[in-house]
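A quick write-up on the structure given underneath.
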Amino acid sequence: MNDYYKNCPFPKPVDKKKKKKANGWKGKKDRFCKYCGKPYAERHEVFGGSNRQLSIDKGWQVDVCTEHHGELQANITSWAQEENERLRQLYQTKEEEELMEAGASKEQARKMWIDMVGRSYL
């Protein structure tokens with residue numbers, strides 16, 4: 001905001017709303033599917049819904065081709081359900097280990113995880 005609006009009797013309101021992050025297309029041609037190796041992989045956020053932004057911030061993402069991404073998103077097949085559960089457990093374990101290395105106990109790390117994500121997958 002420039003100085004003119006700060007000195008007005010009715011200054012413009014400052015937009016305090018956080019902008020949502022997105023997995024852009026930058027570098028998409030250099031990404032390959034984790035499962036089949038196809039190029040131009042998309043990023044699949046392991047924790048979706050209200051935790052999508054957290055997944056982007058923390059890097060809890062997997063590069064997958066369009067077909068595998070659609071299957072993981074739909075979460076209908078037994079493979080997709082098992083893989084989504086495995087990925088969630090993997091990232092929870094990694095995050096809890098990082099918290100324990102920072103000085104938290106195992107119970108504290110689990111509580112911090114639940115406060116952050118909402119539930120435990122282990």
Some residue of the stretch 22-44 being loosely packed, with under 14 Cβ neighbours inside 10 Å, aliphatic (A, V, I, L, M), within 27 Å of GLU96 (Cα to Cα) and over 9 Å from the mean Cα position of the chain (by Cα): yes
Go through the stretch 29-120 and tell me which helices (runs of 4 or more DSSP H), entirely inside it, have 1 or more residues that are farther than 23 Å from LYS18 by Cβ and not β-branched (Val, Ile, Thr). 66-74, 78-101, 106-117
What are the residues in the stretch 72-122 that are touching a Ser or Thr at 6+ places or on another chain (Cβ under 6 Å) and among the acidic types (Asp, Glu), if any? none
Check GLY49, GLY70 and return the single one that is among the small types (Gly, Ala, Ser), at pLDDT 90 or above and under 17 Å from the mean Cα position of the chain (by Cα). GLY70
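The values are calculated or read from the model by the stated rules, or taken from the named source; none is laboratory data. On a predicted model such as this, the values are computed, not experimentally measured, just so you know. Because the Cβ atoms are built from the backbone with ideal geometry, glycine has one as well, and the counts that use them run over all protein chains shown.
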